[in-house]
Amino acid sequence: MQPSIRLSRRAFLQASLAAAAAAGSGFACSRNHSPWRVLTVNEARALAGMVDQIIPPDQDQGAVWAGVVNYIDRQLNGPLESFQDIYRRGLAGVDQSSQSRYGKLFADLESAQQIDLLHLLEVNKAPGTGWKQGPSSEFFATVVDHTMQGFYGDPRHGGNRDGVSWKMLQLPYPPIRGRVRFDLPRARSG
């Protein structure tokens, strides 16, 4: 005998509306056909190339595997929303500099070429006209800062997948304040 589920009309309508709303929001979010919240696919590819040169994979996983691009994209849709235009202009400038110097998009360059171009960004000597609104060195420093935050920060913010950086540094998973109750010494009543 199978158990039957009884739903009131009100509960059925609520569940139906919730399912319809969820399906509609998924459709609305897919308008740009990108898996990213803020970045385009090409911007995410360029950013992935940058962060994987900043923290490359070696015996441990690198920044891309750790989810740093996901972290930056999520933060650009939240607390770092004011950086959206900086990233749009900066990533366009990186690809323009790459096209100017090598004839390819940054994501399609060989590793040595990517490193060379990142060095030019760092010392403010990147080719192209994309850096008139802001120096390439400032954009590069911003990406380095956000890469470090995404790689070493708490995984709940979208980066540091599986605590990869903490494992690399042999750190225990840090407790979140308020979730672990520590026994505090109690005052003795006298």
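The values are calculated or read from the model by the stated rules, or taken from the named source; none is laboratory data. Computed from a predicted structure; not experimentally measured. Heads up, the Cβs are rebuilt from the backbone with ideal geometry, glycines too, and the neighbour counts pull from every protein chain shown. The protein model used for the area step is the full one, side chains on, heavy atoms only, and it has no ligands, DNA or RNA in it. Shrake-Rupley method; radii C 1.70, N 1.55, O 1.52, S 1.80 Å.
Computed values, structure above
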{"item": "Test: residue in region 10-30 that is at pLDDT 95 or above and open to solvent by 90 Å² or more (accessible area, probe 1.4 Å)", "result": "no"}
{"item": "Qualifying positions in region 43-68 - within 20 Å of G93 (Cα to Cα) and among the acidic types (D, E)", "result": "E43, D52"}
{"item": "Residue within region 48-55 that is closer than 20 Å to G153 by Cα, in contact (Cβ under 8 Å) with a residue 60 or more places away in the chain, of a type outside the set (S, T, Y) and in contact with a His (Cβ under 7 Å, 6 or more places away or on another chain) present", "result": "no"}
{"item": "Number of the condition not met by V68 [criteria: (1) at pLDDT 95 or above; (2) under 21 Å from F151 (Cβ atoms)]", "result": "(1)"}
{"item": "Test result for L105, crowded, with 23+ Cβ neighbours inside 10 Å and touching a helix residue (DSSP H, G or I) at 6+ places or on another chain (Cβ under 7 Å)", "result": "no"}
{"item": "Region 120-140, residues that are open to solvent by 30 Å² or more (accessible area, probe 1.4 Å) and under 12 Å from M50 (Cβ atoms)", "result": "E122"}
{"item": "Yes/no for V41 being β-branched (V, I, T) and surrounded by 15 or more Cβ atoms within 10 Å (Cβ to Cβ)", "result": "no"}
{"item": "Matching helices (runs of 4 or more DSSP H) fully within region 26-127 where at least 3 residues are under 30 Å from Q170 (Cα atoms)", "result": "41-54, 68-76, 111-122"}
{"item": "Region 54-110 - residue that is charged (D, E, K, R) and within 15 Å of the chain's Cα centre (by Cα) and, of those, farthest from W131 (Cα to Cα)", "result": "R74"}
{"item": "Tally of residues being of a type in the set (S, T, N, Q), over 21 Å from H157 (Cα atoms) and open to solvent by less than 30 Å² (accessible area, probe 1.4 Å) across region 58-96", "result": "0"}
